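> If you scroll down you'll find the structure; I have some questions about it.
The values are calculated or read from the model by the stated rules, or taken from the named source; none is laboratory data. This is a predicted model, so every value here is computed, not measured. Reconstructed Cβ throughout: ideal geometry from the backbone, glycine too, with neighbour counts over all protein chains shown. The accessibility values were calculated without ligands, DNA or RNA, using every heavy atom of the protein model including side chains. Shrake-Rupley method; radii C 1.70, N 1.55, O 1.52, S 1.80 Å.
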Amino acid sequence: MTNVYPSRLTSEAQMLPRLDPVVHGDWSERSPLTRQQAEQFDRDGFLMLEDVFSPEEVAYPQKQATALLSSPKGLNPETIITEPGSDEIRSIFEIHAQSSVIERLAADARLAGVAQFLLNDRVYIHQSRLNYKPGFEGKEFYWHSDFETWHVEDGMPRMRALSMSVLLAENTPDNGPLMLMPGSHRVFLTCIGKTPEDHYRTSLKKQEYGVPDRHSLTELAQRHGIVAPTGKPGTVVIFDCNTMHGSNGNITPFPRANAFFVYNAVSNRLQAPFGAEKPRLSFVAARGEPKPLEPRPGQLMEDALV
Ligand code: 6CS
Ligand code: FE
């Protein structure tokens, strides 16, 4: 397959044009977003939706996240990533496959249905994670484009995927909220440096490769600015696979817990990596025949405890 987004191949960073739509579907009265929301996502590369889940509903994934944090023993150990320099849990990957509550959340029509519209295809979970960003210890996620990693290391062919962050704790300006550069999704910023063997063993703790150069980041930040959507539990932040983003460390006592789901179009299933010897393991990138989601209507609590 032709590599239309070559990265980590040159000694100089390049800003290549985006060759894929952002909103792949045509808006209609039946769309799950308003026309204005669809246009905003297309323009900015992200969209914040408040009060998607009520406090009563979000209590289920909140309780599950707390329970898993205090006793992760039943989880697949390779999916548990600790913070650099401490034993504090930073993330739990493939969480939709290890918790029926989180599986139901990921399939909720208010998430998967919106992803189907924006990607104009049936969707499956490419990656899921609980990010805890614990108080005092939560370290940063340096600036990056998810797609650059998913293309180079996982073999995701085109920009037809998006992430949804479901806030499980109050995301304030102080406790390391997601920061995004609005409009940055329209260029593909290539990275410098060859991908090390088994890069994920370090990159999920602290990413050193597939990170953009400072000159390019400065240019993007000057061009687009930086915004940090904040909100209460039950808020959802949707961001395009190529929107430049990161988050600061958390030195407040208050955790910044989120559930992240990456929805990929079934037609955009992973091929061989475009810039690594071998693909990453399936707990960070679902491989093989995609399992399309059936968007689940109704309240979260009805069958969250099945
Ligand atoms: O490498 C990855 O796939 C993960 N790393 C980051 C910092 N964001 C995307 C994704 O969760
Ligand atoms: Fe990311």
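> Among residues other than Gly138 whose Cβ falls under 15 Å from its Cβ, what is the net charge (Lys/Arg +1, Asp/Glu -1)? Numbers along the way, then the final one.
Details: positive: Arg90, Arg129, Lys133, Lys139, Lys205, Lys206, Arg256; negative: Glu83, Asp87, Glu88, Glu137, Glu140, Glu170, Asp174.
Here the charged neighbours net out to 0.
> Still on this structure, I have one more. Computing the accessible area with a 1.4 Å probe over protein heavy atoms, can you report the carbon and sulfur percentage for segment 235-292? Show your work: numbers first, answer last.
Values: 1260 of 2120 Å².
Roughly 59 percent of what the probe reaches on segment 235-292 is carbon or sulfur.
> Which of Leu105, Leu118, Leu68 moves most in a GNM of the chain, Cα contacts under 10 Å?
Leu68
> What does the extension gain come out to for Thr218 and Glu39, with contour length at 0.36 nm per residue minus their alpha carbon separation? Spell out each step's value before the answer.
Values: separation 179, 0.36 × 179 = 64.44 nm, distance 2.62 nm.
Value of the extension gain: 61.8 nm.
> So what is the calculated 222 nm ellipticity per residue for the chain, using -39500 (n - 2.57) for each DSSP H run with n of 4 or more, over all residues, to the nearest 500 deg cm²/dmol?
On the way: 8 runs with 63 residues, N = 306.
Theoretical 222 nm ellipticity from helices: -5500 deg cm²/dmol.
> Over segment 1-77, what percent of the accessible surface lies on carbon and sulfur atoms, probe 1.4 Å? Each step should come with its number before you reach the end.
On the way: 2400 of 4630 Å².
With neighbouring chains kept in place, the figure for segment 1-77 is 52 percent.
> Right, something else. Report the convex hull volume per residue for segment 13-108, counting only C-alpha atoms, in Å³.
Working: hull volume 18.0 nm³, N = 96.
Output value, Cα hull per residue: 187 Å³.
> Over all alpha-carbon pairs of segment 210-294, lay out the pair-distance distribution in 5 Å bins, whole %, shortest bin first.
Bin by bin from 0 Å, the calculated values are 2, 8, 14, 18, 17, 18, 15, 7, 1.
> Tell me the net charge near Glu153. Cut-off is 14 Å between Cβ atoms, Glu153 excluded, with +1 for each Lys or Arg and -1 for each Asp or Glu.
It works out to a net charge of -1.
> Roll a 1.4 Å probe over the protein chains and send me the accessible area per residue for segment 1-79 in Å².
60
> Can I ask one more? Among Gly249, Gly288, Gly135, which one moves the most in a GNM of the chain with springs linking Cα atoms closer than 10 Å?
Top of the fluctuation ranking is Gly288.
> Compute the separation of the alpha-carbon centres of segment 223-244 and segment 64-100 and state it in Å as a whole number.
When both Cα centres are located, 24 Å separates them.
> Quick one: grab the alpha carbon gyration tensor of segment 47-190, order the square roots of its eigenvalues as a ≥ b ≥ c, and give me rounded if a/c is under 1.5, else prolate or oblate depending on whether a/b is larger than b/c. Could the numbers behind the result be given before it?
Details: a/c = 1.41, a/b = 1.21, b/c = 1.17.
Taking the square roots of the gyration eigenvalues as a ≥ b ≥ c, segment 47-190 is rounded.
> For segment 141-214, report the accessible area per residue in Å² (1.4 Å probe, heavy atoms, rounded to an integer).
34
> How charged is the neighbourhood of His215? Take every other residue with its Cβ under 13 Å from the Cβ of His215, and add Lys/Arg as +1 and Asp/Glu as -1. Can you show the working numbers first?
On the way: positive: Arg214, Arg223; negative: Glu12, Asp213, Glu219.
Counting the neighbours of His215, the net charge comes to -1.
> Sequence neighbours fewer than 8 away in the same chain don't count; with that in mind, list the aspartates and glutamates whose C-alpha is under 18 Å from Lys205.
Answer for Lys205, where 18 Å is the Cα cut-off: Glu78, Glu83, Asp87, Glu88, Glu94, Glu137, Glu140, Asp146, Glu148, Glu153, Asp154, Glu197, listed by chain and number.
> Kindly rank 143-153, 193-203 from highest to lowest mean number of other beta carbons found within 10 Å of each residue.
Working: 143-153: 25.1, 193-203: 15.5.
Ranking the peptides 143-153, 193-203 by packing returns 143-153, 193-203.
> Which of rounded, prolate or oblate describes segment 144-195 when judged by the alpha-carbon gyration tensor and an a/c cut-off of 1.5? Don't skip to the answer; put the middle values down first.
Numbers: a/c = 2.09, a/b = 1.90, b/c = 1.10.
Prolate shape, in that a/c is at least 1.5 and a/b is the bigger ratio.
> Sticking with this structure for a sec: List the extent of the Cα atoms of segment 194-257 along each of their three principal axes, largest first, rounded to whole Å.
40, 32, 24
> Could you tell me which of the pairs Lys139/Lys291; Lys73/Lys278; Lys63/Lys291; Lys206/Lys291; Lys63/Lys133 are separated by over 25 angstrom between their Cα atoms in the structure shown?
Values: Lys139/Lys291 33 Å; Lys73/Lys278 29 Å; Lys63/Lys291 27 Å; Lys206/Lys291 30 Å; Lys63/Lys133 16 Å.
Beyond 25 Å between Cα atoms: Lys139/Lys291; Lys73/Lys278; Lys63/Lys291; Lys206/Lys291.
> Based on the alpha-carbon gyration tensor of the chain and its eigenvalue square roots a ≥ b ≥ c, which shape applies: rounded if a/c is under 1.5, prolate if not and a/b is larger than b/c, or oblate? Numbers along the way, then the final one.
Working: a/c = 1.34, a/b = 1.16, b/c = 1.16.
Rounded is the answer for the chain, as its axis ratio a/c remains below 1.5.
> In addition: Packing-wise, with mean Cβ within 10 Å as the measure, how do 223-234, 93-104 rank, highest first?
Details: 223-234: 16.7, 93-104: 21.9.
Packing order, densest peptide first, comes out as 93-104, 223-234.
> In whole angstrom, how far apart do the alpha carbon centroids of segment 268-283 and segment 8-34 sit?
Taking the Cα centre of each part, segment 268-283 and segment 8-34 sit 20 Å apart.
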